[in-house]
Amino acid sequence: MSSPEPSVMRDITYAEGMARGLTEVLERDDRVRLMGQYFFGLTEHRSKTVEIRKRFGDRIWDPPIAETGYVGTGIGAAISGLRPIVDVATASFIFQAWSQVVNEAANVHYMTGGQTSVPMVIHVNHGIRGRGAAQHSHSPQAALWNTPGIKIMLPSSPRDVRGLIHTAVADDNPVFWADHVKLFDVTGPVPDEVEAIPFGVADIKREGTDVTIVATSYMVVRSLEAAVVLAGHGISAEVVDPRTIVPLDRDAVLRSVAKTGRLVVVDEGHRSAGVAAEIAALVAEEVFDSLRAPIRRVAALDVPIPFSPPLEAFVEPTLAKIVAAAQDVMDRRRP
Amino acid sequence: MTDDREALEPRADPLAILARMWLIRAFEEQVSALYGKGIIRGLLHLGIGQEGVAVGAASALRAGDLVFATHRAHAHALAKGVDPVRLLAELVGRTTGLCAGKGGSMHISAPEVGFVTATGIVGGNIPLAIGAAYASRARPDDRVALAFFGDGAGQTGSFHESLNIASLWRLPIVLVCENNGYAEFTPLSAHTNVERIATHASTYGIEAETVDGNDVVAVRDAVGRAAEAARGGGGPRFVEALTYRLRGHYEGDPAKYRELAELSDWRAKDPLTRYRDRLEADGLLDAEGTTIGRIEAEARRRVDSATREALDAPLPAPDDVTRHVYAS
Amino acid sequence: MAIPRLPSHRLMAQLRTLLRIRRFEEALIELARTHDVGHFHVYVGQEVTGVAALDLLEDGDVGYTTHRNHGHLIARGVDPAAMLAEILGRATGTNRGKGGTLHLASAEHGFPTTSSSVGGPIPIAVGSAFAFRELGNRRVSVALFGDGALEEGAWHESVNIAALRQLPVIFLVENNSLEALGQKANEYPSSTLASARLADLARPFGLPVAVVDGTDSRAVHIAMRRAVRRARALEGPSFIEAQTVRWPGSRPLWPQLLTGPTDLAMAWDAGRIGDEYRAWHERQDGVLRFARELLAAGATTREQILSIDEAAKEEMRSAVRFALESPYPEPREALEHVFA
Amino acid sequence: MADIRYVDAIRAALEDELAADEAVCLLGEDITLGGPFGATKGLVDRFGEWRIRNTPISEATVVGLAVGAALAGARPVVEVMFIDFITLAMDQLVNHAAKLRYMSGGALSVPLTIRAQFGATGGFGAHHSQSLEAWFAHVPGLRVLAPSTPADAYAALRAAIRADDPVLYLEHRGLYWQRGEQADPAAVDPWRVRVRRPGRDVTILAWSRMVPLSLEAADRLAEDGIEAEVVDLRALSPLDLEGIVASARRTRRVAVVHEAVTTGGLGAEIAAAITEAAFGDLAAPVLRIGAPFAPPPAGPELEALFVPSVDRVVEATRALVRGPAAASVGVSPAPA
């Protein structure tokens, strides 16, 4: 951790944590610019953008609906001395700018043999928001994880999002920052003083001994609820939140699995070739012999996200599915 | 009066057109109410105030022509003859919905009446419509494709790429820009220096017309000319219809970014009122308002029964969820 | 008269750069016969555009170029030896062997990164201009691209943003499709672009537009000078179309020295010009044209031209030696520079 | 049967489908000129310029219009020269082609084929050499095929064009000139795995150009007494899990070889799926052999190190069988 244990902690919402983080980086670094206006999606938290705009209006730009154009604008601005935070709003829209993200931003530093850097942050609201249907519910982080050159931060608490924003803006690389709108109202303690939370340091959100649950973004919250239920069944679950998957705190994940011998990976992206697959494969490779049961993945089913509420609920990783998966690995034994 | 599950064709009589505009208005007001009660959820974009463009354009097409719509598509769909019951059922996520509850408001689709699909991606439907026109040209058949899109789409790359290809290949397509002055929450002037989206059409040698979108007859005539020219091998045509949405960008949008004066100006230009007045002037409607009263009542009755029917329909079962990912 | 009104030392410097670019590309084409450098593109025939235009930039100004980038980099002072080394994938290359011919870049010379994705760099150039305006440092960003990029949506999204924000960016389109093979025609609408003139794609956004002969160094100079002034004054973007005839050697899939190594004597001895490529040597080769006009203006002598050319050839011979003698990168370097 | 080149098999499949079905049409940059490798050579002369259509450099719109044409009853085949350029059309592919059937509750159908070359060879650098199959295997509604032989290439392309779903058909530049037997397409099921070489000690899973490379590795392994079973996936989405797991159960040891970056690659999905389905049968963790966590470098030397080599496959597989399980070959150290 970059800062000493904080003195005063206050409970605020995740959205407030975002607003604090954005405001603080705007205050502290005059290279920071905000491109876009949907950091808080279409939730009532949008008013927070208005407050930020009141103070920093001249450093906020609402671009046209031209993702290729304004993401590319962010890349060039970063190359030439600004620290843009580009908001692509709903994660599904990033596919409109995909070539700029994966062909340009991700490759610049490498292709130039280290001559040029792209210190920009790309923000999206990802995931199954509730009746977003198939074109407003994406979690593109799995594809970006297979794209070297982009760091990926997936905060799950007010403290994490606020602290990771500081690290993201200070980082000289493109950083993909995905929030989940269902996190906005989650509350948690945040220190008064400014705190930068480093990338690549996982947070054990709950300690346990029987089974490790590695979860990302909003799935951390759900997994913590599951851990409570599991405790009721006498199962002690450890919830590990990587917070960033690029870089990934491999040691923290492997240490936990080595301790519990069982792993459930919870991620809201599609199951096939998803974030959970990479984590499962990595753990199997590295600590195969300490696994006492097969790894279970709890992820969105491999269908586009349907609109109808009962269908959506059936597709997404629910509390019940996480609990069932953990119980299943507890019942299984290596033959 | 024509059945509202039919496309309004060029021969449709004025009262049928007025009735269809009223059906759409009543439908969207109902949808808004159901949203307020939490019966309809999700992201909902209403086109109240833009009925003139939807009905004007759709009524200038033939039944076999194909329409590709936007995220604000209820009016486009109903104007093309989509069954209001199945549309409502979709909005409330029922199995009897147009898309069996998988699409929702932004992804409605009814190919059997030539309403191919809507899209949740701004500008995303324009290349699709170009492709349908290409298929007609390659086959060939005498269908015309029509793409609705907003002024916001005018700043997307796909829009420009599409104009270029449509012109190069002289495709049978009508591009209808519903210029309501706002791209989501932002006035057009904050998104481009180009005042009229139609300007870009002429860049690619595409004939364009700009019309009063709140005048259903003006839209119908312009789109009619465009469609027949395109059908006759004349290549693409562009119609920019200037209009205004009387609601926010989505249900729940406080729309603080707009002046009240602006709003009331446009209320005065409500396409339904204007067409009613015109028909009265032409003597097609009695001044006492009995006919118009009957039309409005009929529209509301139709929407109420559609609502009941939709809500009585079953919700999907969990195992429906894995169907329709691939062709079986 | 088509040479800019400039002090003769500037004109001679431009001549030298033109010859260095030409001899670089000729050396590369030779080298590629014996060494696999991947698919490459040369700047032969367009030298005058790049040299006359980029000569007006200052330290700190940036350019974003394309797969056809060699001439642009040399024009701004990048060492040809390091460029050839990069093209051969050597450790001494401008990009340490990670870019190759498609991605030659030199940040210190104002080429932060080079993309081979058609249209890809245009929004990035606009982004640098966005930063320059915000930072108020009076710098200019130049997007250098071919006519094909105007078919990409990225162009439209970018020019709209640049015009809207009055950004200090110059869109310098090198239309090298005149007399090219394939779909492109001499005039528009072509088989792939429906607009009657390329410039029509910029006009609706309110950009000043200049269409010039890309081998006419004065015309390029004047258009670029206006655009640079306008950009530095934060009055907004400009659009310049520089037209050149596609060099016969660039018409096949891979560049070939069809017109032979450039014989500068053709600039003053028409008798040396053969029939096969007469039009090229008499009218379309910008380097010969510049030499002719310098002589006509009495700004130089045949001897001077030949000695500058000799120096250029020698520089490229040693650049080739340097590149070939340079080591390949250490394998582990493949893992470096993924992140800063 | 005659012996043909991979690229000719592709051309033959296109020609035969164009002849068999009026609805089939081709779209792409310069395809009337034959395309960069001659896969469409001469087709315009036989089928005319409307069915063989050159397009501008507008990937997003070209893929989108092919989707629209498919919706209107055509069976378009789009040639995207390099898979790297599909990034420009990602929205049309992911948000439209893949989803329209589902979003419409089955009312719509998108019979679209996209041909694209992928893979690192010839020093083309980071914009012309990527292996991106994992992205598309992560998108429900898309099908992905990556044949490794001329016979499969022919059968798979015909199957792709006849499928009522959008299919991404991946061709490896390094395979175009490979020759091979022509086979009766009816005898080929491109959606199922094929065991190219039986073996009892270890399974090597591969596709496209990694298949011949794995076969070479298997021959080398045989010399020191290790019998490797080489399984050609052919279909990357949906995966033929049945066939994959069956082989894993037979040999109890599995190595997945692909050209894509290992991290987040399709190997992760395959490894996770096998570990879930056959956990008890595995004698060792599933081994992934892929590219390091970096974009494809242009320098020929660096490129050769980037792509899995026969030596790497032999060495890693031997370690997998003989132990100690050298598990994370090809996985670069966690990025800083």
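Along each of its three principal axes, how wide is the spread of alpha-carbon positions in the protein assembly as shown, in whole angstrom units, largest first?
Computed over the Cα atoms, the extents are 97, 85, 77 Å.
Evaluate chain A: find the radius of gyration of its Cα atoms, find its Kirkwood radius, and give the ratio Rg to Rh.
That ratio equals 0.96.
Could you give me the percent of Cα pairs per 10 Å distance bin for region D:22-93, shortest bin first, beginning at zero and ending with the bin that holds the maximum distance?
Percent of Cα pairs in each bin: 22, 54, 24, 1.
Dividing the alpha-carbon Rg of chain C by 2.2 N^0.38 Å yields what?
In units of the 2.2 N^0.38 Å rule of thumb, it is 0.96.
Over chain D, what is the mean sequence separation of C-alpha contacts under 8 Å (at least six apart), divided by residue count, expressed as relative contact order in percent?
Averaging sequence separation for qualifying contacts and normalising by length gives 15 percent for chain D.
Scan around A:VAL32 for amide H atoms under 5 Å from its own, H built in the peptide plane at 1.01 Å from N, and keep only partners 5 or more places away or cross-chain.
Amide H neighbours of A:VAL32, under 5 Å, 5+ apart: A:ARG83.
Can you tell me the FRET efficiency between D:ASP281 and B:ASP221 if r is taken as the Cβ-Cβ distance and R0 is 60 Å, rounded to the nearest 0.05?
The value I calculate is 0.25.
Give me the inter-chain shielding for B:296-304: mean count of other chain Cβ atoms within 10 Å, whole number please.
For this peptide, the per-residue mean of nearby foreign Cβ atoms is 0.
For B:TYR35, B:TYR275, which order do you get if you count the other beta carbons within 10 Å of each Cβ and list the fewest first?
B:TYR35, B:TYR275
Name the GluC sites (Glu not before Pro) in region B:69-171 that are in a loop by DSSP and that have at most 12 other C-beta atoms within 10 Å, would you?
Nothing satisfies the criteria.
What angle, in degrees between 0 and 90 and rounded to the nearest 10, separates the Cα long axis of helix D:210-223 from the longest principal axis of the Cα atoms of chain D?
20 degrees
How many percent of DSSP beta bridges within the protein assembly as shown run antiparallel, rounded to 5?
Antiparallel bridges make up about 15 percent of those DSSP assigns within the protein assembly as shown.
Using a simple spin-label model with points 7 Å from Cα along the Cα→Cβ vector, what separation in nm is obtained for B:ALA33 and A:ASP58?
Rounded to a tenth, the inter-label distance reads 5.1 nm.
Pairing the Cα long axis of helix D:59-71 with the longest principal axis of chain D, what angle in degrees results, from 0 to 90 and rounded to the nearest 10?
With rounding to tens, the tilt is 70 degrees.
5 Å is the cut-off here: which amide hydrogens, built 1.01 Å from N in the peptide plane, fall below it relative to B:ILE40, excluding neighbours closer than 5 in sequence?
Counting only residues 5 or more places away or on other chains, the set is B:TYR35.
Which three semi-axes in whole Å describe the equivalent ellipsoid of chain B, each the square root of 5 times a Cα gyration tensor eigenvalue, listed largest first?
Equivalent ellipsoid semi-axes, largest first: 27, 25, 21 Å.
Please give the FRET efficiency for A:ALA320 paired with A:VAL201, using the beta carbon to beta carbon distance and R0 = 25 Å, rounded to the nearest 0.05.
0.20
Give the percent of DSSP beta bridges with both residues in region C:136-286 that are antiparallel, rounded to the nearest 5.
0 percent
Using the Karplus curve 6.51 cos²θ - 1.76 cosθ + 1.60 with θ = phi - 60°, what ³J(HN,Hα) values do you get for each residue of region C:313-327, in whole Hz, with x for Gly and Pro?
4, 5, 4, 6, 4, 6, 4, 4, 4, 4, 4, 5, 7, 5, x
Quick check on the protein assembly as shown: helices-only [θ] at 222 nm, where DSSP H runs of length 4 and up contribute -39,500 (n - 2.57) each and the sum goes over total residues. Nearest 500, please.
Value at 222 nm, helices only: -11500 deg cm²/dmol.
Counting only DSSP beta bridges with both residues in chain B, tell me the antiparallel percent, nearest 5.
Percentage antiparallel, nearest 5: 10.
Return a whole-number percent for the relative contact order of region A:174-260, with Cα pairs under 8 Å and 6 or more residues apart as the contact set.
36 percent
Within 9 Å, Cβ to Cβ, of A:SER236, how many net charges do the neighbouring residues add up to if Lys/Arg are +1 and Asp/Glu are -1?
The answer is -3.
Let me know the Kirkwood hydrodynamic radius for region A:54-208, please, with Cα pairs as the basis and the value in Å to one decimal.
16.5 Å
Could you work out the longest stretch of chain B that avoids the trypsin sites (Lys or Arg not before Pro) located in DSSP loops with at most 12 other Cβ atoms within 10 Å?
Longest stretch, sites excluded: B:38-255.
Using a 10 angstrom Cβ neighbour count of at most 16 plus a DSSP loop assignment to flag exposed GluC sites (Glu not before Pro), which longest range of chain C is free of such sites?
C:59-186
Less than 12 Å from a label point 7 Å out along the Cα-to-Cβ axis of B:LYS256: which backbone N atoms in region A:48-62 qualify, by residue?
A:48-54
Once phi is turned into θ = phi - 60°, what whole-Hz ³J(HN,Hα) does the Karplus curve with 6.51, -1.76 and 1.60 give for every residue of region A:231-240, x standing for Gly and Pro?
4, x, 9, x, 10, 9, 9, 9, 9, 9
Within region A:1-78, report the GluC sites (Glu not before Pro) that DSSP leaves as loop and that have at most 16 other Cβ atoms within 10 Å.
A:GLU44
Take the alpha carbon gyration tensor of region D:3-187, find the square roots of its eigenvalues, order them as a ≥ b ≥ c, and report rounded if a/c is under 1.5; if not, report prolate when a/b exceeds b/c, else oblate.
Cα axes put region D:3-187 in the rounded bin.
Over chain B, what is the mean sequence separation of C-alpha contacts under 8 Å (at least six apart), divided by residue count, expressed as relative contact order in percent?
23 percent
Rounding to the nearest 10 and keeping the result within 0 to 90°, find how far the Cα-based axis of helix D:266-278 lies from the longest principal axis of chain D.
That helix lies at roughly 60 degrees to the long axis.
Please give the FRET efficiency for B:ARG62 paired with B:ALA190, using the beta carbon to beta carbon distance and R0 = 41 Å, rounded to the nearest 0.05.
That gives a FRET efficiency of 0.60.
Values in this text are rule-based calculations from the coordinates and carry no lab data. As the structure is a computational prediction, the values presented were derived from the model and not from experiment. With ideal geometry, Cβ positions are generated from the backbone for all residues, glycine too; neighbour counts draw on all protein chains shown.
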